[in-house]
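What follows is a short report on a single structure.
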Amino acid sequence: MKILLTGGRGQVGWELARTLSTLGEVTALDSREMNLADPDAIRRVIGEIRPHVIVHPAANTAVDKAESEPDLARAVNATALGILAEEAEKLGALLVHYSTDYIFDGSGETPWLEDDATGPLNVYGATKLEGENAIRERCRRHLIFRTSWVYGLRGANFLLTMRRLMRERPELKIVADQIGAPTWCRSLAEATAQVLAQVGSPARGADKPEPWGVYHMTNGGETSWHGFAQAILEFDKPETSARLLPIPSSDYPTPAKRPLNSRLDNEKLERVFGIRLPDWRDALKLCMHP
Ligand SMILES: NC(=O)c1ccc[n+]([C@@H]2O[C@H](COP(=O)([O-])OP(=O)(O)OC[C@H]3O[C@@H](n4cnc5c(N)ncnc54)[C@H](OP(=O)(O)O)[C@@H]3O)[C@@H](O)[C@H]2O)c1
């Protein structure tokens, strides 16, 4: 199986390059090798590699910057998806994509289901939703994994920022009214590999319905950013000590508005594929103490 992997230097992409290597021949690309803002480059590279599966964690993930640079966010998160989807469809390839809790408006207090009404609050969320729609319209064999609050030991993320700030400052104010599930990039990569192994396996059987569509995929449980920071502090001791003060989102204005309710219901992933990602605290502990 030939697998084309985008975003090979990103948090999720870096992990995927390793987990997918047991399933086939992985060609991992970064933005220098295939710039997603360049439609011709996408068509050319896919035409050269002719993959059986395209796994696509690359995205413009600069949520606040997207408010002032919407054209670039749209080119990478939406327009590029239309082209990837068309090329995948032409080849009969499977397209695996990652999307976000930010496609929802954050209302209510119950976890979002895959078919719930969307309503992004910011440019990043709107462009990611456009990307999802482009895939649904143009590529039959697709899997869209919506996830949230991704972290790992590489790249830019809340865990690494907190670890640094907790060493530099005696006191930190952390938002406590946004609720979601911190998700370790390795958990996502492992679950993706398990899904792909099943989709490609003859044991899955022709009697089962086709699994194409959207799935929520996060670590289990829920917390706030403040709760996430408290767990980081707990697992990082004795190196780290800081006082963590809970604050409302209104006390931490950002260019992009964030949803308050980022909970995603993972039941469909478990029902269809029998896969449940570990609880967020267990995953965080494993990540911080490998
Ligand atoms: N991070 C989160 O909290 C979060 C939450 C929910 C959903 N997601 C989704 O999960 C997926 C993976 O996120 P992540 O955190 O692993 O992302 P990340 O660490 O920010 O990595 C993004 C990758 O996208 C690539 N990229 C950006 N612009 C590009 C362009 N113009 N052409 C080609 N590649 C480009 C980057 O490549 P270079 O390194 O070569 O520049 C980078 O490797 C994304 O779809 C994201 O929307 C993330």
**Message:** Looking only at the stretch 181-212, count every residue that is hydroxyl-bearing (Ser, Thr, Tyr) and at pLDDT below 90 and tell me the total.
**Reply:** 1
**Asked** What residue, of Glu86, Glu114, Glu109, is outside any strand (DSSP E or B), more than 12 Å from the ligand (Cβ to nearest atom) and closer than 22 Å to Leu29 by Cβ?
**Response** Glu86
**Qualifying residue in the stretch 166-180 (condition: within 15 Å of the ligand (Cβ to nearest atom), within 27 Å of Pro290 (Cβ to Cβ), at pLDDT 95 or above and in contact with a Leu (Cβ under 9 Å, 6 or more places away or on another chain))** = yes
**Prompt:** Any idea how many residues of the stretch 30-43 are farther than 20 Å from Lys2 by Cβ and either within 9 Å of the ligand (Cβ to nearest atom) or crowded, with 17+ Cβ neighbours inside 10 Å (or both)?
**Reply:** 5
**Request:** Looking only at the stretch 122-133, decide whether some residue is outside any helix (DSSP H, G or I) and at pLDDT 95 or above.
**Result:** yes
**Prompt:** Looking at the stretch 251-269, is at least one residue of a type in the set (Ser, Thr, Tyr) and over 17 Å from the mean Cα position of the chain (by Cα)?
**Reply:** yes
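Across the stretch 227-257, what is the number of residues that are in a loop (DSSP other than H, G, I, E, B), open to solvent by less than 60 Å² (accessible area, probe 1.4 Å) and either modelled with pLDDT of 95 or more or among the polar types (S, T, N, Q) (or both)?
Residues in the stretch 227-257 being in a loop (DSSP other than H, G, I, E, B), open to solvent by less than 60 Å² (accessible area, probe 1.4 Å) and either modelled with pLDDT of 95 or more or among the polar types (S, T, N, Q) (or both): 4 in total.
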**Prompt:** Restricting to the stretch 44-75, what's the tally of residues that are surrounded by 24 or more Cβ atoms within 10 Å (Cβ to Cβ) and part of a helix (DSSP H, G or I)?
**Reply:** 2
**Complete:** Over the stretch 60-70, the set of residues of a type outside the set (Val, Ile, Thr) and within 12 Å of the ligand (Cβ to nearest atom) is Asn60, Ala62, Lys65, Ala66, Glu69
**Complete:** Condition set outside any strand (DSSP E or B) and buried (at least 17 other Cβ atoms within 10 Å of the Cβ), scope the stretch 142-154, selection farthest from the ligand (Cβ to nearest atom): answer is Gly152
**Prompt:** In the stretch 1-10, is there at least one residue being open to solvent by 30 Å² or more (accessible area, probe 1.4 Å) and over 30 Å from Asn261 (Cα atoms)?
**Reply:** yes
**Prompt:** In this structure, is Arg271 in a helix (DSSP H, G or I), open to solvent by 90 Å² or more (accessible area, probe 1.4 Å) and modelled with pLDDT of 95 or more?
**Reply:** yes
**Request:** Scan (1) under 30 Å from Leu91 (Cα atoms); (2) open to solvent by 10 Å² or more (accessible area, probe 1.4 Å) for the single condition Arg169 breaks and write down its number.
**Result:** (1)
**Item:** Hits in the stretch 1-29 - residues which are more than 8 Å from the ligand (Cβ to nearest atom), touching a Lys or Arg at 6+ places or on another chain (Cβ under 7 Å) and of a type in the set (S, T, N, Q)
**Value:** none
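The values are calculated or read from the model by the stated rules, or taken from the named source; none is laboratory data. Everything numeric in this text was worked out from a predicted model, so none of it was measured. Positions of Cβ are generated from backbone atoms using ideal geometry, with glycine treated the same way; all protein chains shown enter the neighbour counts. Surface areas here come from the heavy atoms of the whole protein model, side chains and all, with no ligands, DNA or RNA. Shrake-Rupley method; radii C 1.70, N 1.55, O 1.52, S 1.80 Å.
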